Amino acid sequence: MKCRKCGATAVIHMRQHKLALCGEHYLTWLPEQVERFIFKYRMFTRAEKVLVAVSGGKDSLGLWDILHRLGYRTEGLYIGLGIEQNYSDESRHLSEQFAAARGLTLHVVDVEEKFGSTIPELSVISNRGHGKPCSVCGLSKRYIMNRAALEGGFDALATGHNLDDEVAVLMQNTFNWAAGYLARQAPVLPAQDGLVRKVKPLCRIYEREMTAYCLLRGIEYIYEECPHAEGSSTIYYKEILNKMEGDRPGAKLQFYLSFLQARENGLFANIKQEVELHPCERCGQPTSAPGECAWCRMWDKVKLVKRTVTANPESVPLLGLAAQA
Ligand code: AMP
Ligand code: FES
Ligand code: ZN
Ligand code: ZN
């Protein structure tokens, strides 16, 4: 297979785009695509400050690399979750190494260092030992990302969700006819009542395209999945979608783009897109619950059991210990 641009040996063949490229041309093509989507969906401009949430995985580190190469004003945020089997230690190390090599600023918010408990511990206490830590983890990540972005005066928060992630969620929500979630699934969620603007610049980029990008750029990232992800419904839907993509190249992209088009045509026009929010009585972060937010209520339960918990998790500054590269 030959590169369409120069005729050299291609390193990647993207059947969905009927396009094969050599390493050099691929490394310019992918950032151009990302730039096109940032512009098309009005994610952010070069004058704005973007906080990139990095997990140490290929998508978020690849995204940060692309935004940096494109000349955007970025800083990174790594949240230390305290996941076992060396998962969090390794992903923090890789994120710090990435930032230091490029002279970029990475803010590290380690949940145990800041607040006194790891995510798996928090989960055991708040779920009384039942179930996986993923819901407590998701809640904490969303909360910390938003609070950190506001504290640092960022205009937008970017995550590394790729097309495979988006389509897996889309399929799950469609199976459940979760209309409210479908109405809110978008490349950009505008800022609203204390919620910072959230953007997904990789929403149209396939997972394998990010793997190829990181390999070609020499970006070291964590290969393993979180040990708690095993058996998750997202992985199940991704497997089904990979089978469909194998039979019909472009199936995932088409599903996603038709969904965005249907949304634009008003398929969800009757569904209220914005949840009503008000500031949490304790920490001030936006919540749809009456009174205090779920994060503050969770720490209340944990404080009853653990003495090491920071007295006021709601008021500890998050970005105070920014690791400057
Ligand atoms: P996940 O929820 O693990 O599928 O990750 C989706 C996106 O959330 C990643 O691409 C990152 O942008 C962000 N993210 C996940 N884990 C972390 C973390 N520990 N710290 C900062 N950002 C994260
Ligand atoms: Fe949160 Fe696995 S990354 S539980
Ligand atoms: Zn070429
Ligand atoms: Zn709160």
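Taking every DSSP bridge with both residues inside the chain, close to 40 percent are antiparallel.
When Rg and the Kirkwood Rh are both derived from Cα coordinates, the Rg/Rh ratio for segment 44-194 amounts to 0.97. Remark: for residue pairs Lys238/Lys303; Lys132/Lys303; Lys18/Lys238, the C-alpha separation exceeds 30 Å in Lys238/Lys303.
Packing, as the average of other Cβ atoms within 10 Å across residues, places the peptides 230-236, 158-164 in the order 158-164, 230-236, highest first. Filter Lys58/Lys141; Lys2/Lys40; Lys141/Lys243; Lys5/Lys40 down to the pairs with a C-alpha to C-alpha distance above 28 Å, please. Table pairs above 28 Å Cα-Cα are Lys2/Lys40; Lys141/Lys243. A simple spin-label model places the labels of Thr28 and Gln192 4.1 nm from each other, with each point 7 Å out along Cα-to-Cβ.
Relative to the 2.2 N^0.38 Å rule of thumb, segment 145-219 has a C-alpha radius of gyration ratio of 1.29. With N as its number of residues, the chain has a Cα radius of gyration that, divided by 2.2 N^0.38 Å, comes to 1.02. So what's the angle, to the nearest 10 degrees on a 0 to 90 scale, between helix 58-69 and the longest Cα principal axis of the chain? That works out to roughly 70 degrees. Based on the Stokes-Einstein relation at 10 °C and a viscosity of 1.306 mPa s, and on the Kirkwood radius from alpha carbon pairs, segment 1-126 is assigned a translational diffusion coefficient of 94 µm²/s. Here is the list for segment 42-103: trypsin sites (Lys or Arg not before Pro) lying in DSSP coil, each with at most 13 other C-beta atoms within 10 angstrom of its C-beta, are Arg42, Arg46. Here's how it looks for Gln285: its modeled amide H is under 5 Å from those of Cys280, which are all 5 or more places away or on a different chain. Straightening the chain between Lys243 and Ser258 buys 3.5 nm, computed as 0.36 nm per residue apart minus the Cα-Cα spacing. Within the listed set Pro187, Pro133, Pro290, the Gaussian network model of the chain (springs between alpha-carbon atoms below 10 Å) gives the highest mean-square fluctuation for Pro290. For the chain, the longest principal axis of the Cα atoms and the long axis of helix 233-247 meet at an angle of about 10 degrees. When the Cα centres of segment 238-309 and segment 132-193 are compared, how far apart do they sit, in Å? Each part reduced to its Cα centre gives a spacing of 5 Å. Within segment 220-325, the trypsin sites (Lys or Arg not before Pro) that combine a DSSP coil assignment with at most 16 other C-beta atoms in a 10 angstrom radius are Lys272, Lys306, Arg307. Our compactness index for segment 1-51, the C-alpha radius of gyration over the empirical 2.2 N^0.38 Å, is 1.43.
Modelled spin-label separation between Thr9 and Val305, with each label point placed 7 Å from Cα along the Cα-to-Cβ direction: 5.6 nm.
Cα centroid separation, segment 112-127 to segment 194-211: 28 Å. The value given for segment 264-325 is a Kirkwood hydrodynamic radius of 14.6 Å, derived from the mean inverse Cα-Cα separation.
Computed from Cα atoms, the angle from the helix 251-264 axis to the main principal axis of the chain rounds to 70 degrees. Pair-distance distribution P(r) for segment 202-325, from all Cα-Cα distances in 5 Å bins starting at 0: 2, 7, 9, 10, 11, 14, 15, 15, 12, 5, 1, 0 percent. Using a cutoff of 8 angstrom between alpha carbon atoms and counting only pairs six or more residues apart, the relative contact order for the chain works out to 22 percent. Between Glu220 and Glu281, the modelled labels are 5.0 nm apart [label points 7 Å from Cα along Cα→Cβ].
Every read-out reported here was derived from the displayed coordinates using simple, explicitly stated rules and does not represent laboratory data. Computed from a predicted structure; not experimentally measured. In this analysis, Cβ positions are derived from the backbone assuming ideal geometry, glycine residues included, and neighbour counts consider all displayed protein chains.
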